[in-house]
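The structure under discussion appears below in the form of structure tokens.
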């Protein structure tokens with residue numbers, strides 16, 4: 001089953017043995033069913049060709065925001081995904097990296113927490129990103145609502161000794177009221193859906209998007225529809241007592257910050 005014409009979002013590109021794999025979410029025209037899809041290319045800039053059938057589809061937007069992680073401890077290639085008011089999930093991919101491993105099953109990692117508490121960003125979860133640091137697998141994820149006038153979004157974190165869990169959230173481990181490490185301030189609204197990049201000095205950086213309150217929508221697209229203008233931002237991560245924190249006390253930062261080391 002091909003996807004035909006589809007709305008595509010949330011890509012993650014990885015390289016393996018000289019081949020590039022783009023994992024993304026697709027919403028086929030005329031449906032309300034999101035699919036996890038894969039396309040491949042010989043170069044990171046493409047052109048990418050879809051493999052012709054989705055990994056899986058499901059109701060609503062459960063199947064969004066794929067992220068692939070090669071676990072050095074087990075040699076397994078793992079796919080993380082999830083949203084739609086369901087849990088974040090992980091499942092092993094087959095050696096071909098375009099299908100699930102035979103006999104594998106999805107495992108639930110972090111569950112949403114319903115509620116209207118303004119400090120609760122976990123009623124909807126998405127945007128998984130996993131890194132391994134000092135024996136800990138850190139699962140960064142985002143919630144609640146990325147966009148629009150009611151945007152309420154931030155970055156949270158959980159950790160585990162295994163890539164497939166069980167994961168313990170920052171709140172569960174520390175007794176804090178929430179697991180948030182990045183949220184709205186007076187300069188930026190609704191920061192989230194991060195990735196982690198590591199510079200030439202081994203320093204981790206959180207790359208993410210946020211809304212500029214001074215220009216929150218794209219006039220050039222259609223201001224009446226309120227498309228949120230999400231700016232790309234970068235802040236340095238430090239690890240304290242086994243947990244990642246943003247180095248800048250003003251994060252999301254607006255003032256000049258030390259730059260990543262490039263060589």
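Assorted remarks:
- Efficiency of FRET between residue 259 and residue 16 - r from beta-carbon atoms, R0 30 angstrom, step 0.05: 0.50
- Its DSSP H runs of at least 4 residues, each contributing -39,500 (n - 2.57), put the calculated 222 nm mean residue ellipticity of the chain at -500 deg cm²/dmol, to the nearest 500.
- Rounded, prolate or oblate (a/c below 1.5 giving rounded, otherwise prolate when a/b exceeds b/c) for region 105-220 by Cα gyration tensor: oblate
- Calculated log₁₀ intensity ratio I(q)/I(0) where the Debye formula runs over C-alpha points of region 27-70, q = 0.28, 0.33 Å⁻¹: -1.04, -1.14
- In terms of its C-alpha gyration tensor, region 1-98 has an oblate overall shape, because the principal axis ratio a/c (a ≥ b ≥ c, square roots of the eigenvalues) is not below 1.5 and a/b does not outweigh b/c.
- Gyration tensor (alpha-carbon) shape descriptor, region 6-185, a/c threshold 1.5: oblate
Every number in this text was worked out from the coordinates using simple rules, so none of it is lab data. Just so you know, these numbers come straight off a predicted model, no measurement behind them. Cβ sites come from the backbone with ideal geometry, for glycine too, and all protein chains shown count toward neighbours.
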